[in-house]
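Heads up, the thing below is written out as structure tokens.
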Amino acid sequence: MLVTTDNLNKLRVGYSAAMKRGLTNAAKPVSPRVATTVPSTQKEQRYGWMGKLPKVREWIGPRVIQNIAESDYTIKEKKFELTVGVDRDDIETDNLGVYSTLFESIGEATVLDPEQLIWDLLKAGFSTNCYDGQYFFDTDHPVLDADGVTMLSVANTDGGAGTPWFLLDTSRVIKPLIKQVRRDFGDIVARDKVTDDNVFDLNEFRYGVDARMNFGYGFWQMAWGSKQTLDAAHYEAARVAMQSFRGDHGRPLGISPNLLVVPPALEGAGRAILQSQLVNGGESNKWAGTAELLVVPWLA
């Protein structure tokens, strides 16, 4: 193929189409089940409002202003990119078949790589701070008692040292995790003019995609993380604890866990708890159907 402006434009269009095929055909991400997408307009988004979950009250007398407790929790955007080079010699000799597959994989990567980052964040919750300054999964989240003075310590983990599993309430507007997006991956950006430095110096044309986003934690009250054995007893303890969560001033939060998230190694244990109708040689399984099981390969 002659290296002309017209041919290079056609190549760019073809590569873009291949990338979009990869994006469309990629395995559907499951992270939207656990992460709320929040548009961002600045490099560092502050989530001070997460210090309080507001509650409706009966209107008696003057309005009571529920001042939003401020925190310093911020999610700073990060830049992500993926760039490939196409050798000029391959264009001139029409050796381009492999590049179509390569650009399809780029489209796939723009879907699956952010997916990996979200699940990595969930796994890191045992040692990474959330909005209240405690680890996302911790034993001493500060919550104001009903008297408005005493500070209680509330746990959303029961420790352990085994393979982690997670029980989540994903029914609310703000899910346990946040995907903050300033600009998602879009069309290919090309440096494919014969006068570009990369062509002159390295004999290659370059094509890339980029995005500006990051990931963070939502309300810890929506999640329970455990490294204990995944069995009926620990599952029950997690459900009871989550449904008993109260906000400041002792108000029940109405948490209703509906999703059990496990890595592949715990799929069998999860199915035994949520999908088996009988246990212990014939007894009815009281936990069957109480939550949905989500097996996440990214947690392996």
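The values are calculated or read from the model by the stated rules, or taken from the named source; none is laboratory data. These numbers were taken from a predicted model, which means no experiment stands behind them. All Cβ positions, glycine included, derive from the backbone under ideal geometry; neighbour counts span all protein chains shown. Note: areas computed on protein heavy atoms with side chains; ligands, DNA, RNA excluded. Shrake-Rupley method; radii C 1.70, N 1.55, O 1.52, S 1.80 Å.
Some observations on this one:
- Residue count for segment 249-300, restricted to those that are assigned to a helix (DSSP H, G or I), of a type in the set (A, V, I, L, M) and either open to solvent by less than 80 Å² (accessible area, probe 1.4 Å) or free of Cβ contacts under 8 Å to residues at least 60 places away in the same chain (or both): 6
- Residue in segment 197-227 that is least open to solvent (accessible area, probe 1.4 Å), counting only those that are under 28 Å from PRO32 (Cβ atoms) and among the polar types (S, T, N, Q): SER226
Here's the yes/no breakdown for (1) under 22 Å from ARG183 (Cβ atoms); (2) touching a residue at least 60 places away in the same chain (Cβ under 8 Å); (3) surrounded by fewer than 16 Cβ atoms within 10 Å (Cβ to Cβ):
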site	(1), (2), (3)
GLU81	yes, yes, yes
VAL84	yes, yes, no
VAL98	no, no, yes
GLY107	yes, yes, no
VAL111	yes, yes, no
SER127	no, no, yes
TYR131	no, yes, no
TYR135	no, no, no
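- Count - residues of segment 146-190 that are among the charged types (D, E, K, R) and open to solvent by 50 Å² or more (accessible area, probe 1.4 Å): 6
- Boolean, LYS193 is open to solvent by 40 Å² or more (accessible area, probe 1.4 Å), part of a loop (DSSP other than H, G, I, E, B) and either acidic (Asp, Glu) or over 30 Å from GLY268 (Cα atoms) (or both): yes
- Residues satisfying the stated conditions in segment 229-238, i.e. under 23 Å from the mean Cα position of the chain (by Cα) and open to solvent by 10 Å² or more (accessible area, probe 1.4 Å): LEU230
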